[in-house]
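What follows is one structure encoded as structure tokens, with my remarks underneath.
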């Protein structure tokens, strides 16, 4: 089988480097171009020494002419830049975006939450919001594949099946999520320079975090009822990993055993989603450096109120691993190719 030729734009960020580390193990792809701006001319192992012995190209500045030689473009760029690249796509190209450029279905919502005008609104119609376990083979029909954000991945995987099954007694959902600082990118030290990043925990973005509209958008796709979420993200003094704690009120007669059986059956054919025994206390350490999402259902002292714990590695299942999963689905590769 011919190897697919790949270009990675934004190759030196945390997500970009993680993507390279996965793709060098993928037997069906060849990394042809690594693109950056301030990093032009450097070798990628400057950013991760584990790549020193890999045969990889030097970092170059992106040129649209590269697309003639490429099958897949992965974009792990600042928001807005993948939209520019999408304008140059050729018939043979597939764009897999790991930023937020095509996550929201309305360009007006993008402008509202990202404080910039969408540069390729017509291409939204040719894109799909692709959470692999839920989107499945639908990605095959689309030229632009938008990978979910890291927080939404940890939240939507447990929540969407429950909402789709109409198990909630009310639609007021409280979500408390905690992430390692890599989720904020290499600029995290400037962004949180006054927060004592390595020795404290900080809440941020309450009611204004950009993942709010993304989470709501996807939940609303599965219910006609109004959904109300309270989402509070936190940044922790650790490099990677996300733990989301989700508080739900379920309909009378639905206990933790019924919920466990339902989710276990829902994801029975999905290798990377693991429904653990009820009341299992999970941590980010359980999933670090893997493409797994671990989910645990926990009872509380309040009748019909439950807590769902969901843990992922934000750089893999919440980023690069999910992108590789979508590529595998799109091109009929094994689901876990490059992710073992």
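What residue, of 326, 291, is under 18 Å from the mean Cα position of the chain (by Cα), more than 18 Å from residue 165 (Cα to Cα) and outside the structural domain of residue 203 (by TED's automatic domain parsing)?
Exactly one residue qualifies, and that residue is 326.
If you check residue 219 against the conditions, is it within 19 Å of residue 100 (Cα to Cα) and either surrounded by 15 or more Cβ atoms within 10 Å (Cβ to Cβ) or outside the structural domain of residue 168 (by TED's automatic domain parsing) (or both)?
yes
Of the residues that make up the stretch 75-82, is at least one in contact with a helix residue (DSSP H, G or I) (Cβ under 8 Å, 6 or more places away or on another chain), assigned by TED's automatic domain parsing to the domain that holds residue 33 and free of Cβ contacts under 8 Å to residues at least 60 places away in the same chain?
Checked the stretch 75-82: at least one residue is in contact with a helix residue (DSSP H, G or I) (Cβ under 8 Å, 6 or more places away or on another chain), assigned by TED's automatic domain parsing to the domain that holds residue 33 and free of Cβ contacts under 8 Å to residues at least 60 places away in the same chain.
Determine whether residue 41 is surrounded by fewer than 19 Cβ atoms within 10 Å (Cβ to Cβ), touching a strand residue (DSSP E or B) at 6+ places or on another chain (Cβ under 9 Å) and at positive phi.
Yes: the conditions hold for residue 41.
List the number of the failed condition for residue 19; all other conditions in (1) modelled with pLDDT of 90 or more; (2) more than 23 Å from residue 99 (Cα to Cα) hold.
Status for residue 19: all satisfied but (2).
Of the residues 6, 29, only one is touching a helix residue (DSSP H, G or I) at 6+ places or on another chain (Cβ under 6 Å) and surrounded by 22 or more Cβ atoms within 10 Å (Cβ to Cβ); which? Can you show your working first?
Numbers: 6 fails: touching a helix residue (DSSP H, G or I) at 6+ places or on another chain (Cβ under 6 Å).
After applying the criteria, what remains is 29.
For the stretch 15-41, name all the residues that are in contact (Cβ under 8 Å) with a residue 24 or more places away in the chain and assigned to a loop (DSSP other than H, G, I, E, B).
Within the stretch 15-41, 24, 25, 26, 27, 28, 36, 37, 39 qualify.
Mind checking which residues of the stretch 222-247 are in contact with a helix residue (DSSP H, G or I) (Cβ under 8 Å, 6 or more places away or on another chain) and free of Cβ contacts under 8 Å to residues at least 24 places away in the same chain?
none
The values are calculated or read from the model by the stated rules, or taken from the named source; none is laboratory data. Note that the structure is a prediction, hence the values are computed from the model and not measured. Please note: Cβ atoms are built from the backbone with ideal geometry, for glycine as well, and neighbour counts cover all protein chains shown.
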